[in-house]
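Following: one structure in structure tokens, then a few remarks.
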Amino acid sequence: MVSATSTVTHERDRASAPDASRRRSAATISPANPAANPTEATTAERTSQRQTGARIICDALEQEGVEVLFGYPGGTIMPFYDALATANLRHVLVRHEQGAAHAADGYARASGKVGVCVATSGPGATNLVTGLATAFADSIPVVAITGQVARHLIGTDAFQETDIIGITQPITKHSVLVRSVEELADCIHQAFAIARSGRPGPVLLDIPKDVQQATTDAPPPFTPRQPARRPSATATDAFATAIGEAATLIDTAQRPLILAGHGVLQAKAGEALVAFAERSGVPVVTTLLGLSAIPESHPLALGMPGMHGLAEINHAIHHADLLIAVGMRFDDRVTGDIPRFAPDARIIHIDIDPSEMGKVLAPTVPVVADARAALEALTPRIAHRDHSDWRTRIAEWSAETTKSQPTVAAPSPATETDADRSPTPPEILAAIRQATGGRAVLITDVGQHQMWAARFYGYEHFNSHITSGGLGTMGFALPAAMGAAFARPDAPIWVVAGDGGIQMNIQELATIAEVGAPIKIAIVNNGYLGMVRQWQEFFYQRNYSETRITGPDYVKLGEAYGVPGFQVTRADQVADVVAAAMAVDGPAIIDFVIEREENVFPMVPPGKPNVDMIHHAPSAPTTATPATPAAAPRPASGGRHAE
Amino acid sequence: MLSETLPLVGAERGAAPARQTIVALAQRRAGVIERIASLLRRRAPTFTTLTVAQCESPTQSRVTIGFEGAPMVAQQLVEHLRKLVDVSAVTLLTPAAGQEGAVVRELALARITCSPQNRRELIDIAHLFGARALAVDEEAITLEICGDAATIDSVLLLTRPFGLQSLTRTGGVALWRAPADDEDEAPSTDDE
């Protein structure tokens with residue numbers, strides 16, 4: 001079939017600069033596209049019973065309850081964009097397709113629903129790759145729709161043809177090249193069902209342009225599938241047996257710990273976790289992606305384990321006789337050296353994905369189930385316990401390390417006043433928490449600030465922490481926050497990012513400004529790729545190879561995009577500036593200039609057991625001369641470090 | 001007490017690698033075999049054979065995967081295969097099941113050097129294992145060997161002194177002797 005639009009353009013159109021007068025608040029999402037302008041094709045199809053593939057896509061997305069999609073048009077996806085103009089769908093035009101994938105991911109994490117992103121073939125599709133890999137690593141339900149060259153051109157190295165199915169195969173839960181318009185509706189509904197079922201994950205639909213243009217009889221009325229989380233698995237004898245064995249282990253354990261992961265958030269099992277912990281008396285450790293599964297003020301909540309975890313937690317895991325792992329997968333950042341991880345512990349491993357059983361550690365009792373279903377089944381089966389001796393012991397480890405080790409990011413000596421020194425990361429996070437009443441959804445990027453935000457914010461509200469944990473994708477936070485802002489218009493949205501990561505998808509400031517999403521962006525700026533610099537300091541003799549990084553003047557940058565900007569160089573400014581940013585109606589950006597060589601402590605050196613934490617930087621080498629001055633003088637004022 | 005009888009963490013991980021066979025049904029759809037091969041490359045880098053064959057269903061293929069691995073690794077691979085949307089009925093043929101529950105066969109064609117003087121000797125060895133001569137010329141015999149992997153290994157070992165010119169092995173294909181149990185049938189998606 002010949003396309004009515006095929007000769008219009010083969011280049012991806014560039015969007016015009018943001019128009020401040022068209023800004024809308026993300027909190028008031030208008031469902032229909034106000035620029036609706038029916039084309040001849042869409043008018044024609046209304047008069048017949050036949051529908052185009054493009055219309056079928058829009059209808060199927062509406063039927064799946066899609067509120068917002070993030071995308072970028074181009075040649076092979078133009079029929080879809082043509083139909084989108086009259087669809088009851090909100091589309092956000094990102095400035096780079098990677099931003100679309102991360103935004104769909106952030107929307108899914110914050111809402112618990114499926115996020116949707118759209119791109120054209122070729123470069124549009126390949127730009128989604130990092131976002132899909134990020135979603136895959138953290139089991140996030142995302143449906144990606146890509147245009148593909150027309151069927152007769154597939155395999156001919158056509159303009160903007162790329163084998164996106166082949167490219168994304170290892171980083172998607174499933175992917176389908178839709179071969180005919182007749183199967184299109186089914187493919188879309190199946191993609192949503194697969195994305196959210198079992199262990200969620202991204203699904204890619206590659207739709208040739210001529211399939212979008214082809215017409216077919218209207219598909220039969222859609223009946224939504226139940227978003228089942230494998231309910232039948234809990235009705236089996238195997239499940240009952242496993243729960244019984246697990247309950248016996250829990251009742252007889254002397255030094256048990258709960259390790260709560262992302263699965264607790266995904267199963268919406270926060271209350272079930274707290275009920276289980278309170279009845280069993282077992283302290284709760286939360287992995288990076290499990291943060292905010294239990295309020296951190298809860299007396300049984302301990303915090304994060306692993307490479308940058310709290311010392312007492314790593315000690316506790318080392319001495320535990322039972323680990324109750326819920327919705328977590330024993331990532332190497334959690335375990336350190338595996339043979340020396342929890343050497344005395346038996347393991348109850350609860351996970352919805354059977355392939356996680358024994359992948360890293362062989363569990364004593366594997367429980368293949370949804371986290372909430374398993375916790376709710378376990379709680380009434382176990383005895384009331386207190387474990388006060390064990391908890392006292394953990395508290396003693398905590399007191400010991402607090403006394404003998406410097407606090408991470410220690411405030412400067414008392415001789416300095418707050419007006420003389422840089423803000424510290426804990427102060428920044430405390431100010432955000434104070435200004436938002438702890439109600440913020442924090443979206444962090446990857447690096448030192450990510451660990452500081454994990455440690456020093458104090459998550460009280462369920463699902464209030466979003467980060468790229470598995471893939472560790474720098475550049476994730478800003479676009480993911482766009483998605484979170486659409487999912488959670490009720491909550492303050494805060495991005496916490498480093499000065500490296502923020503520059504990786506900085507173009508999305510234009511999108512944020514255009515839609516007026518009230519996102520507050522805190523840049524923790526040390527003029528370094530800080531986590532890599534820290535490793536270089538500790539393990540590469542302070543050879544700071546290519547880790548110094550400059551950036552723009554973020555205040556002026558914000559101004560250029562129409563986003564109010566602030567800079568903080570002194571500790572005594574932090575609270576006021578955070579409050580000022582909160583008072584801005586819409587997005588705001590704050591450049592927090594911190595101590596350049598601040599480190600994240602404690603740290604487990606790679607390959608070491610978790611009890612071998614280090615609390616100080618290793619002594620400086622006596623022979624090696626650093627390639628660059630280790631302690632560059634701080635700029636006298638302005639805090640920028642362009643050199 | 002249960003907690004004293006159950007193994008400690010990691011106790012099973014030391015199990016020795018062995019030859020493992022996994023059988024599965026895959027939809028005959030573009031990209032499915034690619035997806036299986038990609039999974040094997042990522043999760044079981046030691047896999048040795050992958051055989052895709054027509055089966056009783058016109059819409060599916062039966063896939064037989066042979067690899068070296070510990071039982072725990074094999075079970076992992078089964079679970080990963082079960083997660084593929086277009087793959088169903090994944091079963092691990094344990095060595096015990098391989099003897100009793102399932103039949104595994106592989107075909108090999110081997111061109112082996114022999115002269116008229118030692119041709120008889122080579123044919124005798126072939127006959128011991130039920131192998132047939134498909135082609136004979138002055139310098140070599142082409143044998144067809146059908147059996148389990150160990151049988152083919154044996155023929156190749158015993159004929160090595162003659163000189164192996166060329167070889168092609170299909171990798172195993174396997175079937176249960178009796179219909180597979182229902183519990184071996186993996187749902188293709190989770191929303192059953």
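The values are calculated or read from the model by the stated rules, or taken from the named source; none is laboratory data. The structure displayed is predicted, hence computed values, not measured ones. Note: ideal-geometry Cβ built from the backbone for every residue, glycine included; neighbour counts use all protein chains shown.
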Q.
Tally up the residues in segment B:129-164 that are part of a loop (DSSP other than H, G, I, E, B) and under 23 Å from the mean Cα position of the chain (by Cα), please.
A. 4
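So that you can scan it fast, the table gives a plain yes or no per residue for (1) in contact with a Pro (Cβ under 7 Å, 6 or more places away or on another chain); (2) within 24 Å of A:Gly607 (Cα to Cα); (3) among the aliphatic types (A, V, I, L, M):
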residue	(1), (2), (3)
A:Ala260	no, yes, yes
A:Ser292	no, no, no
A:Glu296	no, no, no
A:Pro305	no, yes, no
A:His319	no, yes, no
(Q) Tell me which strands (runs of 3 or more DSSP E) are completely within segment A:130-223 and hold 2 or more residues being under 18 Å from B:Val85 (Cα atoms) and within 11 Å of chain B (Cβ to nearest Cβ), or say none if there are none. (A) A:174-177, A:202-208
Q: Go through A:Asp351, A:Asp370 for me and flag whichever is buried (at least 21 other Cβ atoms within 10 Å of the Cβ), of a type in the set (Asp, Glu) and more than 22 Å from B:Val73 (Cβ to Cβ).
A: A:Asp370
(Q) Please go through segment B:45-63 and give me each residue that is more than 16 Å from B:Ile22 (Cα to Cα) and among the small types (Gly, Ala, Ser), ordered by number. (A) B:Ser57
Q: Any chance you could count how many residues in segment A:578-613 are surrounded by fewer than 22 Cβ atoms within 10 Å (Cβ to Cβ), in the same structural domain as A:Met482 (by TED's automatic domain parsing) and β-branched (Val, Ile, Thr)?
A: 1
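Given the options B:Glu79, B:Glu68, B:Glu56, name the one that is modelled with pLDDT under 90 and among the acidic types (Asp, Glu).
Numbers: B:Glu79 fails: modelled with pLDDT under 90; B:Glu56 fails: modelled with pLDDT under 90.
From the options B:Glu79, B:Glu68, B:Glu56, the qualifying one is B:Glu68.
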Q: Being without any contact (Cβ under 8 Å) to a residue 12 or more places away in the chain and more than 23 Å from the chain's Cα centre (by Cα) narrows it down to one of A:Pro283, A:Pro339, so name that one.
A: A:Pro339
Q) Has segment A:362-372 got at least one residue that is touching a Pro at 6+ places or on another chain (Cβ under 8 Å), within 14 Å of another protein chain (Cβ to nearest Cβ), farther than 18 Å from A:Leu265 by Cα and free of Cβ contacts under 8 Å to residues at least 40 places away in the same chain? A) yes
**Q.** segment A:373-397, residues that are surrounded by fewer than 16 Cβ atoms within 10 Å (Cβ to Cβ) and either within 10 Å of chain B (Cβ to nearest Cβ) or under 18 Å from A:Thr234 (Cβ atoms) (or both)
**A.** A:Pro380, A:Arg381
Q. Among all residue pairs at least 6 apart or on different chains, which show Cβ distances below 6 Å where the first residue, located in segment B:110-127, is more than 19 Å from B:Leu167 (Cβ to Cβ) and not assigned by TED's automatic domain parsing to the domain that holds B:Leu158 and the second is at pLDDT 95 or above and part of a strand (DSSP E or B)?
A. none
Q. Which residues, taken from segment A:467-489, are in contact (Cβ under 8 Å) with a residue 40 or more places away in the chain and of a type outside the set (Gly, Ala, Ser)?
A. A:Thr467, A:Leu471, A:Thr473, A:Phe476, A:Leu478, A:Pro479, A:Met482, A:Phe486, A:Arg488, A:Pro489
Q: Counting only residues that are buried (at least 20 other Cβ atoms within 10 Å of the Cβ) and more than 14 Å from every other protein chain (Cβ to nearest Cβ), give me the helices (runs of 4 or more DSSP H) lying completely in segment A:252-347 with at least 3 of them.
A: A:262-266, A:270-280, A:311-319
Q: Would you check if there is a residue in segment A:220-229 being modelled with pLDDT under 95 and closer than 30 Å to A:Val149 by Cβ?
A: yes
